[in-house]
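Note sheet for the following structure.
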Amino acid sequence: MGASRYLPPLFSVAPMMEWTDNHYRTLARLISKHAWLYTEMLAAETIVYQQGNLDKFLGYSPEQHPIVLQIGGSKLENLAKATELANAYNYDEINFNCGCPSPKVAGHGCFGVRLMLDPKFVGEAMSVIAANTNVPVSVKCRIGVDDHDSFNELCDFIYKVSSLSPTRHFIIHSRKALLNGISPADNRRIPPLKYEFYYALLRDFPDLTFTINGGINSVVEANAALREGAHGVMVGRAAYHYPWQTLGHVDTAIYGAPSSGITRREILQRYQEYGDSVLGKDGNNRPNIREVAKPLLNLFYSEPGNGLWKRKADSAFMHCKTMKSFFEETLVAIPDSVLDAPIAGGVPSGREDLFANVHDLLPPQYHAREEEALYA
């Protein structure tokens, strides 16, 4: 498999811990054929120490391409070995997490967004990862950490990593991270978005590719970013909480493809086959009905019958043993007119002006002092 076989990552779904698992990605791919999908972050140590159980962590169906594996870690030896082990699973890109502010990651594990403070190590890590795979590599990061939040410091990070490694693609979450005193959820809300930093990176590093992330909640807003010159857009929670309203428009509105015309009823019929094939596969009744059905709970957001569907689902989780019986018990809550409506119906909502005047806000141009930047 190779990334060149697919349309470019104009739109991708962000890696989200405990959310973008195999079940969600299966649903996402049924809705959108062209969105790029990311795994949850996997610690390199998990991959290395679970060599006898890799299918559980790295396995996925071929239909999920194009798909990116995101790994995290702070030990070069484990990053090298994890990348090597992942080769058998034919991911289309390997992404290195330098953006997660979770205390479990940035604190005890000393990786995630803390690594932005050590760009020399990130350059070494990316070189090691690239040396052990034949697919492209990328970095996902923030625009800064704590008081290290100037545009020049961000540029120093990008310059060092790209100069010391083959990394040519960066996904930029356009908020800085605060490591002390606030939760990961607050880190997605409290630090202000600075889209001007992202667009200044496009200006100052014309040989690199940048994907914008953070605060973009619809295909309307994704297209607004692309119109202003973004190379690609990554959407997180909106793609999870509103999959039909968000992913349902990606292929037509972002990629210009004709509508597949697929309905939610047809999607659920295909998902039923998937679900019944994986129930209990890991032993000890895992995954169970609740785990497999979890991504579906947002499929009828804002539609008639949505509240009743969720209540019926809560009840069905207690006793249903197959996806078939789960759907028989719950889908009676949803009108046929909703189940049989074709994908991408209606006009997507969103802020057309999200990036208005962003080019008027750009910081002064970055000029790398090469030796100082690389070896400081």
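Annotations for the structure displayed:
- Counting only the Cα atoms, the chain fills a convex hull of 139 Å³ per residue.
- Residues CYS141, CYS98, CYS320 in ascending order of nearby Cβ atoms (within 10 Å, fewest first): CYS320, CYS141, CYS98.
- Legend: distances between Cα atoms for LYS281/LYS324; LYS81/LYS140; LYS75/LYS294; LYS33/LYS321; LYS75/LYS176; LYS56/LYS294; pairs beyond 27 Å are LYS75/LYS294; LYS33/LYS321.
- Average projected area [Cα convex hull, the stretch 56-163], square nanometres: 7.1 nm²
- Zone of HIS359's modelled label, taken as backbone nitrogen in the stretch 199-230 under 20 Å from a point 7 Å along Cα→Cβ: 199-213, 221-230
- Between helix 76-86 and the chain: long-axis angle, C-alpha atoms, 0 to 90°, nearest 10: 40 degrees
- Distance between the 7 Å Cα→Cβ label points at ALA131 and VAL332: 6.3 nm.
- Electrostatic tally near ASP118: other residues with Cβ closer than 10 Å to its Cβ, Lys and Arg +1, Asp and Glu -1, net +2.
- Local net charge near LYS56, Cβ-Cβ under 9 Å (Lys/Arg +1, Asp/Glu -1): -1
- The charge dipole of the chain, taken about the Cα centre with unit charges on the Cβ atoms of Lys, Arg (+1) and Asp, Glu (-1), comes to about 780 debye, rounded to the nearest 20.
- With respect to the chain, whose longest principal axis is taken over its alpha-carbon atoms, helix 119-131 is tilted by about 60°.
- Ranked for footprinting exposure by Cβ neighbours inside 10 Å, fewest first, TRP309, TRP36 give TRP309, TRP36.
- Spherically averaged projected area of the stretch 240-376 from its Cα convex hull (nm²): 14.8 nm²
- Projecting the Cα atoms of CYS98, GLY283, SER165 onto the charge dipole of the chain, computed from C-beta unit charges around the Cα centre, puts GLY283 farthest toward the positive end.
- Note on the stretch 179-322: Cα convex hull, mean projected area over all directions, 12.9 nm².
- Helix axis angle, 264-278 relative to the chain longest principal axis, alpha carbon, degrees: 80 degrees
- Solvent-free Debye scattering, log10 I(q)/I(0), computed from the Cα coordinates of the stretch 264-339 at q = 0.11, 0.27 Å⁻¹: -0.25, -1.40
- Toward the positive end of the charge dipole of the chain, with +1 on the Cβ of Lys and Arg and -1 on the Cβ of Asp and Glu, the farthest Cα among ASN132, THR46, PHE355 is that of THR46.
- Taken about its Cα centre, the stretch 264-339 carries a charge dipole of roughly 160 debye when the Cβ of each Lys and Arg holds +1 and the Cβ of each Asp and Glu holds -1.
All of the numbers you see were taken from the coordinates with simple rules; none came from a lab. Being a predicted model, the structure only gives us computed values, none of them experimental. Methodologically, a virtual Cβ is constructed for each residue, glycine included, from the backbone with ideal geometry; neighbour enumeration extends over all protein chains shown.
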